[in-house]
Amino acid sequence: MTRKLEGNGLWESSRMILPQYRERIVRAAAERDAEPEAAVHEDRLEEIAEAVKRSLALGLTVRLELRQEEGHGAEGIVVDASPLQGMLRLRQESGKVRRIAYRHITGASLKEC
């Protein structure tokens, strides 16, 4: 009993986690491990960066190929790009703004008008 009260034992013995939080942590770890990230070639990354920059600066429509949605992509105008946070915001034709992580993008091209 006295071992629990020594050092960090008091804190360790008083911590607990709610079951729903534990389930979410386990589920998130399983999802993270289930989908290995495929490497995108450096040339492809440059194409993506260039298309995103042009869309942001000139208001051009860009088509993004996404890893998570096989055969589908997202299309719209980039309204905000934050490489440090790893996210960009894309305004679609419907007016809806969608947040997309850079790590989910496998390709990008500017849409011809």
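Structure above, values below:
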quantity	calculated
5 angstrom amide H check on I105, placed H, neighbours 5+ away	R67
Cut-off under 5 Å, modelled amide H: who pairs with T61 long-range	K111
For the range 51-64, Karplus couplings with θ = phi - 60° (6.51, -1.76, 1.60), whole Hz, Gly/Pro x	5, 5, 4, 5, 5, 5, 6, 9, x, 7, 7, 10, 10, 9
Compactness relative to 2.2 N^0.38 Å, alpha carbon Rg of the range 42-110	0.97
Whole-Hz couplings from phi, Karplus 6.51/-1.76/1.60, listed for the range 74-79; x for Gly and Pro	10, 9, x, 10, 6, 9
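No value in this document is a laboratory result; all are computed from the given coordinates. Model, not experiment: these values are computed from the prediction.
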